[in-house]
Amino acid sequence: MAICGISRDLLSMLFELGREHHPDEFVAVLRERDGVIRDLDLVPGTIVGEESASFFIDMLPLDTHQAGSAHSHPNGVLSPSSADLRFFPTVGRYHIIVGYPYGKRDWRCYRADGSATRLEVVE
């Protein structure tokens with residue numbers, strides 16, 4: 001699956017989720033359609049707190065369009081933590097972190113190995 005971007009609407013939804021859950025983190029699974037990350041799944045049984053959010057991997061839906069994950073950093077730091085780097089490879093290839101104050105520029109995308117990557121915002 002070649003990912004060429006993320007939809008503007010989904011990115012806006014991620015910022016809104018960050019604001020709604022603040023000061024706790026949120027975590028979601030990203031899904032792609034036609035090479036664009038357009039959807040998310042909130043996993044049943046997700047545990048959220050001020051310093052982390054997690055879910056049980058076996059609660060993920062079976063889906064060949066799983067692209068990665070998204071989660072928030074209420075402290076505004078957009079770099080992955082050591083826990084993020086352990087988590088990323090279990091859920092896909094693209095991982096988005098949104099951070100406080102959840103504005104248009106308050107996000108980064110990383111590959112499963114933790115390296116930063118650019119992701120175009122598309123309509």
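The residues in region 5-36 that are among the polar types (S, T, N, Q) and either modelled with pLDDT under 95 or surrounded by 15 or more Cβ atoms within 10 Å (Cβ to Cβ) (or both) can be counted, and the count is 1.
Restricting region 53-78 to residues that are closer than 19 Å to Ile6 by Cβ and open to solvent by 50 Å² or more (accessible area, probe 1.4 Å) leaves a set whose member that is modelled with the lowest pLDDT is Thr64.
For beta carbons closer than 6 Å, sequence separation of 6+ or different chains, a first residue in region 79-96 that is open to solvent by less than 70 Å² (accessible area, probe 1.4 Å) and polar (S, T, N, Q) and a second that is part of a loop (DSSP other than H, G, I, E, B) and at pLDDT 95 or above, there are no qualifying pairs.
The values are calculated or read from the model by the stated rules, or taken from the named source; none is laboratory data. Computed from a prediction, not measured in an experiment: that's the story for all the values here. In this analysis, Cβ positions are derived from the backbone assuming ideal geometry, glycine residues included, and neighbour counts consider all displayed protein chains. Surface areas here come from the heavy atoms of the whole protein model, side chains and all, with no ligands, DNA or RNA. Shrake-Rupley method; radii C 1.70, N 1.55, O 1.52, S 1.80 Å.
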